[in-house]
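Below is one structure; the comments refer to it alone.
The values are calculated or read from the model by the stated rules, or taken from the named source; none is laboratory data. Since the structure is predicted, the reported quantities are computational estimates derived from the model, not experimental observations. Virtual Cβ from ideal backbone geometry, glycine too; neighbours counted across all protein chains shown. For accessibility, only protein heavy atoms count, side chains too; no ligands or nucleic acids. Shrake-Rupley method; radii C 1.70, N 1.55, O 1.52, S 1.80 Å.
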Amino acid sequence: MRSRASTAAALTRSHQNQTRSNPPPPLPASCAWGYPYPTMADEQLPDPTQIPGAPHPRETETLFGQSQAEATFLDAMTSGRLHHGWLLTGPRGIGKATLAWRIAAALLAHPPSDTDALFAPAPTLAIPPDHPDRRLLLAGSHPRLFLLRRGHDEKTKRLRATISVDDVRALRGFFSMSAADGGRRVVIVDAADEMTVQAANALLKLLEEPPANAALLLISHQPSRLLPTIRSRCRTLRLSPLSAEDTAAALAQAGFASEESPALATLTAGSVGDAIRLLAMDGLPLYADLIKLLTTLPHLDRPALLKLAESTTGAKNAPRFDLLLDLTETALARMARAGLTGPPQAQAAPGEALLLQKLSPDARAARTWATLAEDLSSRARHAQAVNLDPAQVILDMAFRIEQTAHRLAA
């Protein structure tokens, strides 16, 4: 059996042989992942569209918990109402990218006809791995698919923080190539929230005057950040957070089966991506330490606080610092919610339910914790931007939480 690398190489050589007589215009190095021509720089960089340690969304065989979104797209595909622009929205890590790749595979595998209603695709978006178009997708060499993502900055030798206008302009070269088999061309934008204003305006022109037989799939974690004109020119597919059962199934499929799946689903609000991150970084024990510390309010345990803060110092602990900031924001958000709806039915750490009931017993406390969460989140982002000492940032946040607990207890 061929290895994935040898299969990819064979498929790439086949495509090159088919197009050698009429080579397409070259795409610039800034062109996202490199569909259909990966650059050496892009291949050596981490993929911003993939969770470290987890399978790439294009490799995921089963999408859990999003049957309604799949059914909505299939209905449009089979009824002749296939819109050219689709906006896939919802929190991070719930399957938007996986759905985008499943849609792309289905669109590429089914050639367009005079009316899409004339052909009847399978009742699901599942395209077998041995299908020619799916094989090309898995190999990263499908000539009719373009993945638009953050490109490579040749000066810093790193991925850019945003999708630039040059990244979007690379689509001109992609769409200038005629599909030899007359099939659809698909663009996945992951994530559309990362586009600069100039990039968004450039993409808007494509949405306003889309090429024939083209589909643009925009993944958005925060659609409110997009231009209203982009949102209005796309049909929206809203994905929902996963249930505890679907989270457990998705984690097992990704190779992260865990007995702590219920706690992970509770803490991450149904985001498999966040659950994988917590498992990979021992996030549950860290959250348990945070909850244990907060149970000492309104007088925080100083030695325990100092130990927790000092564990975030140093370059090697930068990911732990980022994670602790996120978990603190999550804990405060759960406090605010508890004041309105009562303590959670499922705990993410031992003693959490009692703690939330104690610190946030009513709507007044809920508003107070929500306001503090927003303020601390803003201060934390500023602290990261100016490279303040992580331990000092954690201590400052903890003391502000302590002051708030004192006011509420008075």
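Residue-level check: of (1) modelled with pLDDT of 95 or more; (2) under 13 Å from Asp322 (Cα atoms), Arg364 misses just (2).
The residue list Leu207, Leu203, Leu217 contains one member that is under 30 Å from Leu267 (Cβ atoms) and open to solvent by less than 60 Å² (accessible area, probe 1.4 Å), which is Leu217.
When region 287-304 is filtered for residues that are of a type in the set (Gly, Ala, Ser) and under 30 Å from the mean Cα position of the chain (by Cα), only Ala288 remains. Does any residue of region 232-246 turn out to be of a type in the set (Asp, Glu), under 20 Å from Glu61 (Cβ atoms) and either touching a Pro at 6+ places or on another chain (Cβ under 8 Å) or in contact (Cβ under 8 Å) with a residue 12 or more places away in the chain (or both)? So far as region 232-246 goes, yes, one or more of its residues are of a type in the set (Asp, Glu), under 20 Å from Glu61 (Cβ atoms) and either touching a Pro at 6+ places or on another chain (Cβ under 8 Å) or in contact (Cβ under 8 Å) with a residue 12 or more places away in the chain (or both). Only one of the listed residues (Ala250, Ala257, Ala244) is among the aliphatic types (A, V, I, L, M) and surrounded by 17 or more Cβ atoms within 10 Å (Cβ to Cβ). That residue is Ala250.
Kindly provide the set of residues from region 312-346 that are without any contact (Cβ under 8 Å) to a residue 12 or more places away in the chain and more than 21 Å from the chain's Cα centre (by Cα), ordered by number. If the condition is that a residue be without any contact (Cβ under 8 Å) to a residue 12 or more places away in the chain and more than 21 Å from the chain's Cα centre (by Cα), then Gly314, Ala315, Lys316, Thr341, Gln345 are the ones that fit.
The numbered conditions (1) without any contact (Cβ under 8 Å) to a residue 40 or more places away in the chain; (2) touching a Phe, Trp or Tyr at 6+ places or on another chain (Cβ under 9 Å); (3) aliphatic (A, V, I, L, M) are all true for Ala304 except (2).
Exactly one residue out of Ala304, Ala309, Ala265 is among the small types (Gly, Ala, Ser), crowded, with 17+ Cβ neighbours inside 10 Å, in contact with a helix residue (DSSP H, G or I) (Cβ under 6 Å, 6 or more places away or on another chain) and under 24 Å from Pro343 (Cβ atoms), and it is Ala265.
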